[in-house]
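Read through the structure below, which is laid out as structure tokens, and then see the notes.
The values are calculated or read from the model by the stated rules, or taken from the named source; none is laboratory data. Source: prediction; values computed, not measured. We place every Cβ from the backbone using ideal geometry, glycine too, and count neighbours over all the protein chains shown. These accessible areas exclude ligands, DNA and RNA; they are computed on the full protein's heavy atoms, side chains included. Shrake-Rupley method; radii C 1.70, N 1.55, O 1.52, S 1.80 Å.
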Amino acid sequence: MATVAVPKQRHGLDTRLGKILFAKRDVNTLDVEKVTTELGVGWVTTVEQTLLDLIAGIGTGGTPPNSRDLSEAIRVLGAKADWDMLAELAERQHKPKALKTAKALANA
């Protein structure tokens, strides 16, 4: 499953490789970094942004944060996250509850 930030909400897309979810977002407010893959160059949310988004349910297809797969992803991302940056993003994006949940699930 992959999630793509878009200016206008649209339905998900099933492909032979998996499902693509679309999330209406103001991409100018996201913390992103430029990456190069075998598919080309693009923008990807940082570890910290992804962690906040997963906690907030963005791009999860409705999976709750305490589900086994999602809580494992949160734990792994939490080990890689810059927690000062995460706190700054949570404050800037008005997601204090997401930060509190991230700390609890990541055991940070």
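Some observations on this one:
- Residues in the stretch 51-82 that are open to solvent by 40 Å² or more (accessible area, probe 1.4 Å) and either farther than 14 Å from Lys100 by Cα or modelled with pLDDT of 95 or more (or both): 12 in all.
- Members of the stretch 30-48 that are outside any loop (DSSP other than H, G, I, E, B) and aliphatic (A, V, I, L, M): Val32, Val35, Val41, Val44, Val47
- For the stretch 32-48, filtered to residues that are under 21 Å from Gln9 (Cβ atoms) and in contact with a helix residue (DSSP H, G or I) (Cβ under 9 Å, 6 or more places away or on another chain), the residue that is surrounded by the most Cβ atoms within 10 Å (Cβ to Cβ) is Thr45.
- Residue within the stretch 49-59 that is part of a loop (DSSP other than H, G, I, E, B) and more than 26 Å from His11 (Cβ to Cβ) present: no
- Pairs meeting the criteria (first residue in the stretch 37-60 and on the phi > 0 side of the Ramachandran plot, second residue modelled with pLDDT under 95 and not in a helix (DSSP H, G or I), beta carbons under 6 Å, at least 6 apart or on different chains) are Gly59/Thr3; Gly59/Leu21; Gly59/Ala23.
- Every pair of residues 6+ apart whose Cβ atoms lie under 7 Å, when the first sits in the stretch 6-28 and is within 23 Å of Leu89 (Cβ to Cβ) while the second is loosely packed, with under 11 Cβ neighbours inside 10 Å and of a type in the set (Lys, Arg): Lys24/Lys8
- Checking every residue in the stretch 93-108 against the condition of being part of a loop (DSSP other than H, G, I, E, B), of a type outside the set (Ser, Thr, Tyr), surrounded by 12 or more Cβ atoms within 10 Å (Cβ to Cβ) and in contact with a Gly (Cβ under 8 Å, 6 or more places away or on another chain) gives at least one match.
- So Ala90, is it open to solvent by less than 40 Å² (accessible area, probe 1.4 Å) and either outside any helix (DSSP H, G or I) or over 21 Å from Val4 (Cβ atoms) (or both): yes
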